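Notes to accompany the following structure.
The values are calculated or read from the model by the stated rules, or taken from the named source; none is laboratory data. Only a predicted model underlies this, so the values are computations on that prediction, with no experimental measurement involved. Because the Cβ atoms are built from the backbone with ideal geometry, glycine has one as well, and the counts that use them run over all protein chains shown. Remember, those area values only see protein heavy atoms, side chains included, never the ligands or the DNA or RNA. Shrake-Rupley method; radii C 1.70, N 1.55, O 1.52, S 1.80 Å.
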Amino acid sequence: MHRIATFALSLAFAAATPPAAAAEAAATRSNAVETVGVYSNVRIGHSEDPHAYGYDVELYRHNGALFGLFYSSQGLAGDTPRGRLQDVRFDAASGKLSFRAKLTVGREYSKDSGDDGRPSRDLFEFDGRLSAKSLAGTVLHRSGYRPQEVDERETVKLKLDPQRTRDAREFAPASRAAWEAEPVPNGPEW
């Protein structure tokens, strides 16, 4: 009789464990960072010193909120200036997406900078729509030294880059908090 009771208790315990494990797995999945995609319109010249021009946006989702990086290529390929997305607003139903990003893409020389110049303060603002295959809209480029003035306005269409998206998925951050704690290589100097 004791063996039967022990066996019944073991069955009851085993039956109770999978839902708890499933709930824990579901909680882990809901807290996991999802790679949305890497979108790009960067063009690379084929010269001895290849130059790259255009933008990249690397997007992740955590607990329903989007976050990521904005890249601006404006010269030699490699070591692309980048900055974290800020003030991200996303409407999943319509795909409407807007954000800002601070970068330092070079040095600024002006009457205020002195002879040696100073690190540029580049402020980019995006307003457009996100779909499964593209990110399209308008990019405004302002100087952080003169934020009231628009230096450039450009209509862009960045296409999903499947290979870079797979790479981003493989190296996705463990959490948004951990990602925000890491320094941004080639990030803004302001």
Item to complete: Tell me which residues, restricted to the stretch 136-190, are in a strand (DSSP E or B) and surrounded by 15 or more Cβ atoms within 10 Å (Cβ to Cβ).
Response: 136, 137, 139, 140, 141, 142, 143, 156, 158, 160
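Conditions tested, residue by residue: (1) open to solvent by 20 Å² or more (accessible area, probe 1.4 Å); (2) modelled with pLDDT of 95 or more; (3) among the acidic types (Asp, Glu).
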residue	(1), (2), (3)
84	yes, yes, no
101	no, yes, no
112	yes, no, yes
121	yes, yes, no
124	no, yes, no
127	yes, yes, yes
Worksheet item: Quick check: is even one residue across the stretch 57-66 buried (at least 18 other Cβ atoms within 10 Å of the Cβ) and acidic (Asp, Glu)?
Response: yes
Discussion item. Is it the case, given these coordinates, that residue 27 is modelled with pLDDT of 95 or more and either assigned to a loop (DSSP other than H, G, I, E, B) or farther than 19 Å from residue 167 by Cβ (or both)?
Written reply: no
